[in-house]
Amino acid sequence: MCVYLRRTRGIEVFPEEVVITPGAKPVIFLSFLLLLEEGDEVIYPDPGFPAYRSIVEFIGAQAVPLRLREENDFRIDIDELKSLITSKTKMIVINSPHNPTGSVLTKEDMEAIARLAREEDLLVFTDEVYSEIVYDQEHVSILQFPGMKERTVMLDAFSKSFAMTGWRLGYAVLPEEWAKPLSLLVTNSNSCTCTFTQIAGVEALLNGEESVRAMVREFRRRREFMEKRMAQIEGIKIAKPQGAFYFFPNIASFGLSSKELADYLLEESGVAVLPGTAFGGYGEGYLRISFANSLEKLARAMDKMEETLSKLGRGGK
Ligand SMILES: Cc1ncc(COP(=O)(O)O)c(C=O)c1O
């Protein structure tokens with residue numbers, strides 16, 4: 001793990017700073033439980049992965065949404081982030097590459113967030129489960145910046161980068177003084193992470209590089225295909241994803257809510273997409289479309305979607 005992190009992130013991590021878990025989700029749940037108290041404020045991306053807000057609220061802390069805007073390529077706006085910080089802010093959650101928008105934070109974005117975290121003495125939770133799936137730029141971890149290791153929990157997993165979702169294998173990188181109690185929480189909730197899964201994970205880390213590259217090449221082909229097909233649909237506006245495997249098209253011109261349109265597509269065409277609102281209130285007006293499927297099936301889905309949306313007749317760029 002430490003060798004892999006040096007190769008992929010250029011960071012020096014020691015075994016005492018790594019906690020292995022059954023998938024990524026236990027890291028979100030248990031590290032929030034460890035580090036947050038009732039009344040703390042946590043700034044999280046909206047739209048964003050729903051577990052962040054849900055667990056912050058479960059703990060009795062205050063979840064403060066940071067809107068990711070289409071006009072900013074769904075990246076974090078640093079001034080907007082600054083404006084949300086109060087004396088109660090304890091943690092900022094970031095997720096790059098991002099689910100559901102496919103946005104990727106640049107080195108400059110990361111540097112600015114790191115500076116702010118140091119100045120305001122904040123913790124950072126960085127969800128990097130899509131770190132291997134980037135298209136036009138390198139993945140940058142906030143852990144690469146000075147003074148960040150001691151205030152950051154990094155989450156990564158094998159689910160996306162190595163297509164091992166069902167294997168349930170994830171890990172946290174965090175300061176040793178937090179790694180010890182996090183290990184106790186893991187042991188007392190999940191016991192251990194299945195050993196044969198871990199052996200497969202070691203193989204993925206040591207010898208998976210070529211397979212990961214081939215997978216990302218395939219995702220890139222699908223991304224190009226989906227971009228072309230979506231551009232042909234009247235009424236849809238897209239921002240090209242820079243990472244992960246999702247499009248997050250703007251569908252506001254159809255005059256239906258995200259949920260209504262997602263239900264309509266499922267019922268009329270059998271195509272399953274998620275409403276943007278499954279990822280927070282600021283997801284209204286968008287759909288999340290996954291391209292983690294074969295080109296053949298994506299083509300079928302896009303044919304059906306195009307036909308169904310044209311029947312709706314509300315489009316109009
Ligand atoms: C951003 C993000 N974090 C965490 C997870 C959870 O991953 P896992 O299946 O390894 O628990 C997901 C899964 O969709 C995700 O998109």
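The values are calculated or read from the model by the stated rules, or taken from the named source; none is laboratory data. Here the structure is a predicted model, which is why all the values come from computation and not from measurement. Neighbour counts are summed over all protein chains in view; Cβ atoms, including those assigned to glycine, are modelled from backbone coordinates with ideal geometry.
Here D136 meets the list (1) at pLDDT 95 or above; (2) within 24 Å of R75 (Cβ to Cβ) almost entirely, failing just condition (1).
State yes or no: is E132 within 26 Å of F247 (Cβ to Cβ), within 16 Å of the ligand (Cβ to nearest atom), touching a residue at least 24 places away in the same chain (Cβ under 8 Å) and touching a helix residue (DSSP H, G or I) at 6+ places or on another chain (Cβ under 6 Å)? Criteria met by E132.
Results for (1) surrounded by fewer than 24 Cβ atoms within 10 Å (Cβ to Cβ); (2) more than 19 Å from P249 (Cα to Cα); (3) touching a residue at least 60 places away in the same chain (Cβ under 8 Å), shown as yes or no for each residue.
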{"site": "D40", "(1), (2), (3)": "yes, yes, no"}
{"site": "G48", "(1), (2), (3)": "no, no, yes"}
{"site": "I55", "(1), (2), (3)": "yes, yes, no"}
{"site": "P65", "(1), (2), (3)": "yes, yes, yes"}
{"site": "N72", "(1), (2), (3)": "yes, no, no"}
{"site": "D79", "(1), (2), (3)": "yes, yes, no"}
{"site": "S83", "(1), (2), (3)": "yes, yes, no"}
{"site": "E111", "(1), (2), (3)": "yes, yes, no"}
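The residue of the range 8-38 that is nearest to the chain's Cα centre (by Cα), among those that are of a type in the set (D, E, K, R) and surrounded by 19 or more Cβ atoms within 10 Å (Cβ to Cβ), is R9. Picking from residues in the range 190-244 that are in contact with a Pro (Cβ under 7 Å, 6 or more places away or on another chain) and in a helix (DSSP H, G or I), the one that is farthest from M302 (Cα to Cα) is R223. Mind listing just one residue for me: the one in the range 82-115 that is hydrophobic (A, V, I, L, M, F, W, C) and closer than 13 Å to I43 by Cα and, of those, farthest from the ligand (Cβ to nearest atom)? Restricting to residues being hydrophobic (A, V, I, L, M, F, W, C) and closer than 13 Å to I43 by Cα, the top hit is I85. Among the residues of the range 230-243, those that are among the small types (G, A, S) and touching a helix residue (DSSP H, G or I) at 6+ places or on another chain (Cβ under 9 Å) comprise G235, A239.
Just the residues that are polar (S, T, N, Q) and not in a loop (DSSP other than H, G, I, E, B), please, taken from the range 60-111.
Q62, N72, S83, T89, N95 - these are the residues of the range 60-111 that are polar (S, T, N, Q) and not in a loop (DSSP other than H, G, I, E, B).
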